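Participant: Have a look at the structure that comes next, please.
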Amino acid sequence: MASSCGLMGDGDKPVKIHHLVKAPENTPESIASRESWDASKPVTVYKTPENLPDGTPCTAATVILRTKGCVWWWKSGCTFCGYFNDVRDDVTAEDMFSQWEVAKRETNEFRDCKMVKVYTSGTFFEDRENPPEWQDHVLRETYEMGLHLVVEAQAQMCTPEKLEWVAERHPGCTVAIGLEAYDNTVLRFHANKGFSLKQWHKAVDILRDNSLRVKTYLLFKPPFMSEGDALEHTISWVSEVSKISDEVSINPMNIQRGTIVDRLFRNREYRPPWLWSLVEMIIRTHDDVSKTDCRVIVHPTAGGKARGSHNCGSCDSDVVAAIERYSVSGNLGEFNGLDCECKKVWLSEIQSDSALPTPMGSGIHRRGNALDRLRAP
Ligand code: SF4
Ligand SMILES: [Zn+2]
């Protein structure tokens, strides 16, 4: 007989922790948002300045598609990934072809572009996520158009058979892997990444065997980590992965809605990284990186905003601009003369993080006045 006592439950099937963690995709808001979009059109298509593999500046088109989504996310998912808002399991092959045609139409067949980044909120060449005939079409067509192609993948999806198949259709393209951290403990317990360093190294070897380019994403300040630890760890990760990657892109955490990091943030248990930490990391990795052929870029998405990497609010735009200039010029002179009162607050946080037994960090998690903080969601 079902107990009426709250502690004993009400007779319903117990809820598993796994489902609580995965709850965001099933909230009414999330379902309504996903049901509202048209699967025959991509999420977005835009152009940005970029560099070709040989360093020549060019224009790149970025195409973000609506897909069935990452297999790993449906099973469990990374702690910071909010891509589930752009995925739905009823997206068909016909939709994918249609989205690709819209992207071409909107960019005038990629006119003036030398590079195209095709992002699918998961692994481009995973057949459960994207129809193989569509993968085949995009690989061949972009190659025929003379475009350098960048696609994304999880490390464990990079099998010899699949990468050989990719390289036959688009020789020399770039495969970007979200490694996030060069540390197995962080991969497992902070990022919930779904693969290990061993699998990443194997993927890099297979990419090299097929003469494909290796791009590696690192995540600055995963959850459950202090600012000071994030700084020290990322400096060593950059030095390690830049030795074996063609390109490293360091992504400072930006908080995407409905993720585990979002819950921590709203509970005031996580603050996105300081922009000063990024500057410090760039200065301290500059010499190591200069000795390699690897290009290292830092792009603070939502830089200066509360959900992105930020400082005190008054110096943010100057510091973001200097970081972005550095990503193009590779010149430390971009940071000359940058200063602000808040740098002292940042420095004392870094020092406290390394001196005090506070694994989650010693800093104030959110800026602004106390009343606003109370009102914040
Ligand atoms: S592997 Fe990539 S797409 Fe999949 S959950 Fe992790 S970050 Fe998101
Ligand atoms: Zn400041």
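Participant: Sort through SER249, SER236 and tell me the only one that's small (Gly, Ala, Ser) and under 19 Å from PHE124 (Cα atoms). So that I can check it myself, show each step before the final result.
Facilitator: Details: SER236 fails: under 19 Å from PHE124 (Cα atoms).
None of the other options fit; the residue is SER249.
Participant: Suppose we filter region 89-111 for residues that are of a type outside the set (Val, Ile, Thr), part of a loop (DSSP other than H, G, I, E, B) and either surrounded by 18 or more Cβ atoms within 10 Å (Cβ to Cβ) or in contact with a strand residue (DSSP E or B) (Cβ under 7 Å, 6 or more places away or on another chain) (or both); how many remain? Walk me through how you get there before you give the answer.
Facilitator: Within region 89-111, the subset of a type outside the set (Val, Ile, Thr) is 89-90, 93-101, 103-106, 108-111.
Those left that are additionally part of a loop (DSSP other than H, G, I, E, B): 89-90, 108-111.
If we keep only those that are either surrounded by 18 or more Cβ atoms within 10 Å (Cβ to Cβ) or in contact with a strand residue (DSSP E or B) (Cβ under 7 Å, 6 or more places away or on another chain) (or both) as well, we get 110.
So the count comes out to 1.
Participant: Looking only at region 334-365, filter to residues that are small (Gly, Ala, Ser) and touching a residue at least 40 places away in the same chain (Cβ under 8 Å); which one of those is nearest to ligand 1 (Cβ to nearest atom)? Steps first, answer last, please.
Facilitator: Step one: of region 334-365, the residues small (Gly, Ala, Ser) are 337, 348, 352, 354-355, 361-363.
The next check asks that each one be touching a residue at least 40 places away in the same chain (Cβ under 8 Å); those that pass are 352, 354, 361-363.
Numbers: SER352: 31, SER354: 29, GLY361: 23, SER362: 28, GLY363: 25 Å.
Per the criteria, the residue is GLY361.
Participant: Return a yes/no flag: does region 303-325 have any residue that is exposed (fewer than 15 other Cβ atoms within 10 Å of the Cβ), more than 14 Å from ligand 2 (Cβ to nearest atom) and within 24 Å of ASN51 (Cβ to Cβ).
Facilitator: yes
Participant: Could you pull out the residue among ARG128, ARG140 that is within 18 Å of ALA93 (Cβ to Cβ), surrounded by fewer than 18 Cβ atoms within 10 Å (Cβ to Cβ) and within 13 Å of ligand 1 (Cβ to nearest atom)?
Facilitator: Values: ARG140 fails: within 13 Å of ligand 1 (Cβ to nearest atom).
Checking each option against the conditions leaves just ARG128.
Participant: In the list LEU338, LEU347, which residue meets the criterion of being at pLDDT 90 or above, in a loop (DSSP other than H, G, I, E, B) and surrounded by 12 or more Cβ atoms within 10 Å (Cβ to Cβ)?
Facilitator: LEU338
Participant: While we're here: Of everything in region 48-91 that's among the hydroxyl-bearing types (Ser, Thr, Tyr) and more than 27 Å from HIS148 (Cα to Cα), which residue is modelled with the lowest pLDDT? Reasoning before the result, please.
Facilitator: First, pick out the residues of region 48-91 that are among the hydroxyl-bearing types (Ser, Thr, Tyr): 48, 56, 59, 62, 67, 76, 79, 83.
Subsequent filtering for residues that are more than 27 Å from HIS148 (Cα to Cα) retains 76, 79.
Working: SER76: 86, THR79: 92.
Within region 48-91, the match that is modelled with the lowest pLDDT is SER76.
Participant: Next question. Suppose we filter region 140-185 for residues that are closer than 25 Å to LYS114 by Cβ and part of a helix (DSSP H, G or I); how many remain?
Facilitator: Looking only at that region, the number is 11.
Participant: Determine whether region 270-284 contains at least one residue that is without any contact (Cβ under 8 Å) to a residue 12 or more places away in the chain and either in contact with a His (Cβ under 7 Å, 6 or more places away or on another chain) or more than 16 Å from ligand 2 (Cβ to nearest atom) (or both). Give the steps one after another, and end with the answer.
Facilitator: In the first step, residues of region 270-284 are kept if they are without any contact (Cβ under 8 Å) to a residue 12 or more places away in the chain; the result is none.
Within region 270-284, not a single residue is without any contact (Cβ under 8 Å) to a residue 12 or more places away in the chain and either in contact with a His (Cβ under 7 Å, 6 or more places away or on another chain) or more than 16 Å from ligand 2 (Cβ to nearest atom) (or both).
Participant: Checking the condition over 24 Å from GLY82 (Cβ atoms), away from ligand 2 (no atom under 16 Å from the Cβ), surrounded by 19 or more Cβ atoms within 10 Å (Cβ to Cβ) and under 22 Å from the mean Cα position of the chain (by Cα), which residue from LEU149, LEU187, LEU219, LEU197 passes? Walk me through it before giving the result.
Facilitator: Details: LEU187 fails: over 24 Å from GLY82 (Cβ atoms); LEU219 fails: over 24 Å from GLY82 (Cβ atoms); LEU197 fails: surrounded by 19 or more Cβ atoms within 10 Å (Cβ to Cβ).
Of the residues listed, the single one that is over 24 Å from GLY82 (Cβ atoms), away from ligand 2 (no atom under 16 Å from the Cβ), surrounded by 19 or more Cβ atoms within 10 Å (Cβ to Cβ) and under 22 Å from the mean Cα position of the chain (by Cα) is LEU149.
Participant: Does SER236 satisfy the condition of being within 16 Å of ligand 2 (Cβ to nearest atom) and part of a helix (DSSP H, G or I)?
Facilitator: Values: within 16 Å of ligand 2 (Cβ to nearest atom): no; part of a helix (DSSP H, G or I): yes.
Considered against the rule, which asks whether it is within 16 Å of ligand 2 (Cβ to nearest atom) and part of a helix (DSSP H, G or I), SER236 comes out as no.
Participant: Looking only at region 215-232, decide whether some residue is hydrophobic (A, V, I, L, M, F, W, C) and more than 24 Å from GLY308 (Cα to Cα).
Facilitator: Residues of region 215-232 that are hydrophobic (A, V, I, L, M, F, W, C), as a first pass: 218-220, 224-225, 230-231.
Within this subset, residues satisfying the condition of being more than 24 Å from GLY308 (Cα to Cα) are none.
Within region 215-232, not a single residue is hydrophobic (A, V, I, L, M, F, W, C) and more than 24 Å from GLY308 (Cα to Cα).
The values are calculated or read from the model by the stated rules, or taken from the named source; none is laboratory data. The model shown is predicted, which means the values in this text are computed figures rather than measured ones. With ideal geometry, Cβ positions are generated from the backbone for all residues, glycine too; neighbour counts draw on all protein chains shown.
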